[in-house]
Structures are given as structure tokens and as C-alpha cells.
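A short write-up of the structure that comes next.
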Amino acid sequence: MSDLTGKVVLVTGAKGGLGSAVTEAMLAAGATVIGVSRSIQAGDFPHERFHAMPAELTGAGAARQLVADAMTRFQQVDALAHVMGGFGGGQRVDETGEDLMERMFDLNFRSAFYMMSAVLPAMRARGRGSIAVVASRQGVEPGAMVGAYSASKAAVVALVKAVALENEDRGISANTVLPGTMDTPANRKGDPGNDGSKYVQPAQVAALLVHLVSEAGAQITGAAIPVYGKQL
């Protein structure tokens, strides 16, 4: 198992269907976890190494303040696991309204851009750090009726690749993970007729994120890693 003892990991979207699994996996690996979501509380994960920091991350100022507060409290942020995101679809591109398009880019692209922009200066100054961002299979295999969602995830994949290239000389890794449909309550409720046995298990994605931000995964960078399970 990858060891995160002594590391401070900032997990965005820490309370969601996947985020909860990621938070628990990071804690199990020995990390101090800063859990971020709009409504997160310390009692959501009763663990001595868990610290809740509620925040709304669709603005650059909020992301910078969050990281500044984390640095003041812990003096370091070794890794960012950006799990925050959202889904919307069901319309052709010509039917997709500006509100949906903006929401997808706020949740899936801009939040990642702001968070990486906020954590990178301190990581570059220290000469080490890890960034792992959850994108989607549809970021590299766009689907019909989900154009805005697919485009926002594709933008994240490109952005993280750029971050990896820009920071390879500073010992900073940056990767995206591309899950298929995951076994979360929201996905099961949203498509009750689908075969849930083929859904990707959140624990599997969480384990991969732990590896990517650990020393064992330090040489993996610039990758977009598929986790499709039985959905090949």
C-alpha cells in the first residue's frame, strides 16, 4: 500500500460519492487530509488527521484563500486531489443553453484551474508536490447528448498535461484519472435501469489517487489514466 505518512493532502469535493472514498483512502494511507466542499464539517470524517475547510471553489479568490489558510495552519500542502466536479446533459449541442455550459466549465474546468494555480507556487518553491485530478472517460471519448460535460472534462485533461510539462523541472507530478460510470448513489438513482454491476467502484479510483500522490507514484506524470472496469 502507498504510504502517505507525514503528507498533507488537500481533497476537493471531499464529501461526495467519490470524494468520501478518496478522503477515507488518504486517511488510511497515513495522510493529514484537508477536506473541502461547500458544506463539509469535521464530524463528517471523525479522524484526528481530518480537517474540514468549507469553501466554494468556482472563483480564483476563494481558491487562493483556501490554500493560504491551509499553508498557515499546516505549513505545507504536499498534494492536491481534485475530485470536485458535476454532471449535466441530455441535450444536443444546439439545444444546450449557456447556463448549462457555464455550469459544466465552472464545476469541471475552472475549479481545477483555480486550485492548481493556487497550490503550484508553494509546490514549486519546495521543489516537490503531486496533483491528481478526476476527469472522465468522456474527456477523451466524448458522448452524444453530453457535449458541454465532455468538453469541460477534455479541457481539464489538456490543462493537467500542460501543468505536468510546465513543472517537470520542479519535481511536481500532475495526472488525470478517467473513470467510467461510477457506483455512486447519484448514478444509480439517475439511471436505475442500467446494469450497476458494471459500474466502477469508487474505492478503486480512490486507491489509484492515493498511489499517484505517494512517493511510489512520483514518476507518473502527464498521464490520463483510464479506469473503465467492465465498461470496455
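Computed quantities for the displayed model
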item: At most 16 other Cβ within 10 Å, DSSP loop - trypsin sites (Lys or Arg not before Pro), segment 62-157; result: Arg92, Arg128
item: Carbon/sulfur fraction of accessible area - the chain, other protein chains in place, 1.4 Å, %; result: 52 percent
item: Convex hull of segment 78-164 built on C-alpha atoms - directionally averaged projected area, nm²; result: 5.4 nm²
item: Amide hydrogen neighbours beyond the local backbone of Tyr228, cut-off 5 Å, H modeled; result: Gly180
item: Whole-Hz ³J(HN,Hα) from phi, Karplus 6.51 cos²θ - 1.76 cosθ + 1.60, for segment 199-214, glycine and proline x; result: 5, 6, 7, x, 4, 5, 5, 4, 4, 5, 4, 4, 4, 5, 9, 8
item: Solvent-accessible area per residue, Å², over segment 101-189 with all protein chains present [probe radius 1.4 Å]; result: 41 Å²
item: The chain: angle of helix 147-166 to the longest principal axis, Cα-based, in degrees nearest 10; result: 30 degrees
item: Debye log10 I(q)/I(0) at q = 0.19 Å⁻¹ for segment 1-139, Cα point scatterers; result: -1.09
item: Sequence-distant lysines (8 or more away, or on other chains) whose Cα lies within less than 28 Å of Lys198; result: Lys15, Lys153, Lys189, Lys230
item: Alpha-carbon Rg with Dmax, taken over segment 157-232, Å; result: 14.9, 48
item: Calculated from backbone phi, Karplus (6.51, -1.76, 1.60) coupling profile of segment 226-232 in Hz, x at Gly/Pro; result: x, 9, 9, x, 8, 9, 4
item: Crossing angle, helix 17-28 versus the chain [Cα axis fit, 0-90 degrees, rounded to tens]; result: 20 degrees
item: Where Rh is the Kirkwood radius over Cα pairs, Rg/Rh for the chain; result: 0.95
item: Between helix 60-74 and the chain: long-axis angle, C-alpha atoms, 0 to 90°, nearest 10; result: 40 degrees
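The values are calculated or read from the model by the stated rules, or taken from the named source; none is laboratory data. Predicted, not measured: the structure shown is a model, and the values here were computed from it. We place every Cβ from the backbone using ideal geometry, glycine too, and count neighbours over all the protein chains shown. Each accessible area value is taken on the protein alone, full model and side chains, heavy atoms only, with ligands, DNA and RNA left out. Shrake-Rupley method; radii C 1.70, N 1.55, O 1.52, S 1.80 Å.
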